[in-house]
1. Report every pair of residues separated by at least 6 positions or lying on different chains whose Cβ atoms are under 9 Å apart, first residue within the range 26-40 and in the same structural domain as Asp119 (by TED's automatic domain parsing) and under 11 Å from Tyr87 (Cα atoms), second of a type in the set (Val, Ile, Thr) and assigned to a helix (DSSP H, G or I).
2. Taking the range 407-456 on its own, how many of its residues are in contact with a Lys or Arg (Cβ under 7 Å, 6 or more places away or on another chain), within 18 Å of His86 (Cα to Cα) and in a helix (DSSP H, G or I)?
3. Given the options Asp236, Asp210, name the one that is free of Cβ contacts under 8 Å to residues at least 24 places away in the same chain and not assigned by TED's automatic domain parsing to the domain that holds Ala117.
4. I'd like to know if the range 187-204 contains one or more residues that are closer than 30 Å to Leu328 by Cβ, assigned to a loop (DSSP other than H, G, I, E, B) and touching a helix residue (DSSP H, G or I) at 6+ places or on another chain (Cβ under 9 Å).
5. Considering only the range 125-132, I want to know if a residue exists there that is among the hydroxyl-bearing types (Ser, Thr, Tyr) and assigned to a loop (DSSP other than H, G, I, E, B).
6. When you look at Gly85, is it among the small types (Gly, Ala, Ser), in contact with a Gly (Cβ under 9 Å, 6 or more places away or on another chain), within 25 Å of Ser29 (Cα to Cα) and buried (at least 23 other Cβ atoms within 10 Å of the Cβ), yes or no?
7. Filter the range 342-364 for residues that are in contact with a Phe, Trp or Tyr (Cβ under 8 Å, 6 or more places away or on another chain) and outside any loop (DSSP other than H, G, I, E, B); which is surrounded by the fewest Cβ atoms within 10 Å (Cβ to Cβ)?
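The values are calculated or read from the model by the stated rules, or taken from the named source; none is laboratory data. These figures come from a predicted structure and were not determined experimentally. Cβ sites come from the backbone with ideal geometry, for glycine too, and all protein chains shown count toward neighbours.
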Amino acid sequence: MQVWKDYQQQHKDRFLNELLDLLRIPSISARSENKADMIHCAEAVKERLLEAGADKVEIYATPGHPIVYAEKMIDPSKPTVLVYGHYDVQPPDPLELWHSGPFEPVIKDGKIFARGACDDKGQFYMHVKALETMVKTNSLLTNVKFLIEGEEEIGSKNLGDFLKEHKELLKADVILISDTAMLSMENPSIDVGVRGLTYIEVEVTGPNRDLHSGVYGGAVANPITILAQMISSLHDENNHITIPGFYDDVVVCSDAERAALAKAPYDEEEYKNDLGVNALWGEKGYSTHERTGIRPTLELNGMWGGYTGEGAKTVLPSKAFAKISCRLVPNQTTAKTEELLINHLKKIAPPYIEFKASVHHGGDPYMTPVDSIEYKAAAKALETSLGKAPIPVRGGGSIPITSLFESVLGCKTVFLGFGLDSDNLHSPNEKYDIFNFYKGIETIPYFYQYYDEMKK
């Protein structure tokens, strides 16, 4: 609608400056020293939602970081859209690799560089400004609710209880999430699924103290060496995961779905150059898009032990540690994968070390049916704003809460992300294209329009 475009054009500078202000708040959920910043950010989100036209906005305390809830209810007979996003961000480390301060947003070449620019402040804020656009132009066609949490980056550990305790408050017909990416603005896409996640931490202990590597080396097992051997055995020569039963529940994609994925534009040389690698790695028999979307994976996320300070210290360490994660596909579950992974590591652990494992956060995979009203409304909205029908793809990342949304609230989720895979999520120099930010604000009202029409 032209009235939307006119309003957005008139206020575009303010929209951008408001986002920059949000990005200046170091809302790092993983660090206790940023607790005050988390509260500050929640309060800022509340104020922006009130200014956008929400009739009711509340901050709910949790055992962790607060949740911001808002609503604009126009007619109980109309559909209700629940927008989910998160205001917390990843730690910015390593700081020395940033070209500018992670919480000092810089605009360069049409891109905003800052932690949280794309994940997820820039993306959820599109929805705040879309609400403002519709309210201020008297064109809101559905009810809308917002659920903006502060613990997504640490596993949303208090959100499940919040959903169950406030089931009636959060009642909706569809959940709308912009925390995903598309192929490009020229070749738009919609994630029709996200992978699940299992994340564990392991501890291996050898001797009861660090030892002199000259006196004891060769006589006592080195925990770092043993742990490295255990982890290296989790993939075979075809980069296939070797854990017995790991693939038992994996839904194998049809030839038709693989053919659809293959239609997505892909330049392997450009992909490698962007990452600075000479060759790609992955499960034999699958393309890059398949490896990162329709296949499960196991990755070593961190490993440490012994002396890592400056200079040399010749020790045989007492302990070694590692963080291991698995990305899951339908019909795998977090609980079963945790059990398979931990039991396998226990089984292959040799008798000359002690093995312990603990579980971090996780979540099950999620799929949005392409024949659903939710998907069709999002696809039509993108086609209207970008002039090209989107390609349905599988997202490689995880949004653990999506499966819980459906089980508790009983409604489907649709992903309407405007990020790009090149936006350096969770890495130094995270960015978000200003064009994408504005295009998201333009597109979202069309989703409301088409969803309302299709629900009649």
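1. The qualifying pairs are Ser29/Ile154.
2. Qualifying residue count, the range 407-456: 1.
3. Numbers: Asp210 fails: free of Cβ contacts under 8 Å to residues at least 24 places away in the same chain.
Among Asp236, Asp210, only Asp236 is free of Cβ contacts under 8 Å to residues at least 24 places away in the same chain and not assigned by TED's automatic domain parsing to the domain that holds Ala117.
4. Start the filter on the range 187-204 by keeping residues that are closer than 30 Å to Leu328 by Cβ, which leaves 187-204.
Still in the list and also assigned to a loop (DSSP other than H, G, I, E, B): 187-188, 195.
Okay, now just the ones that are also touching a helix residue (DSSP H, G or I) at 6+ places or on another chain (Cβ under 9 Å), so 188.
Looking for residues that are closer than 30 Å to Leu328 by Cβ, assigned to a loop (DSSP other than H, G, I, E, B) and touching a helix residue (DSSP H, G or I) at 6+ places or on another chain (Cβ under 9 Å), one finds at least one in the range 187-204, hence yes.
5. Our first condition is that a residue be among the hydroxyl-bearing types (Ser, Thr, Tyr); within the range 125-132, this holds for 125.
Next, from what is left, pick out any that are assigned to a loop (DSSP other than H, G, I, E, B): none.
No - not one qualifying residue is present in the range 125-132.
6. Values: among the small types (Gly, Ala, Ser): yes; in contact with a Gly (Cβ under 9 Å, 6 or more places away or on another chain): no; within 25 Å of Ser29 (Cα to Cα): yes; buried (at least 23 other Cβ atoms within 10 Å of the Cβ): yes.
Spelling it out, it is not the case that Gly85 is among the small types (Gly, Ala, Ser), in contact with a Gly (Cβ under 9 Å, 6 or more places away or on another chain), within 25 Å of Ser29 (Cα to Cα) and buried (at least 23 other Cβ atoms within 10 Å of the Cβ).
7. Start the filter on the range 342-364 by keeping residues that are in contact with a Phe, Trp or Tyr (Cβ under 8 Å, 6 or more places away or on another chain), which leaves 345-346, 349, 359-362.
After this cut, where a residue has to be outside any loop (DSSP other than H, G, I, E, B) as well, the list is 345-346, 359.
Working: Leu345: 23, Lys346: 12, Val359: 15.
Here the residue is Lys346.
Results for (1) closer than 22 Å to Val194 by Cβ; (2) touching a Pro at 6+ places or on another chain (Cβ under 6 Å), shown as yes or no for each residue.
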site: Asp236; (1), (2): no, no
site: His240; (1), (2): no, no
site: Pro244; (1), (2): no, no
site: Val252; (1), (2): yes, no
site: Gly305; (1), (2): no, yes
site: Gly311; (1), (2): no, no
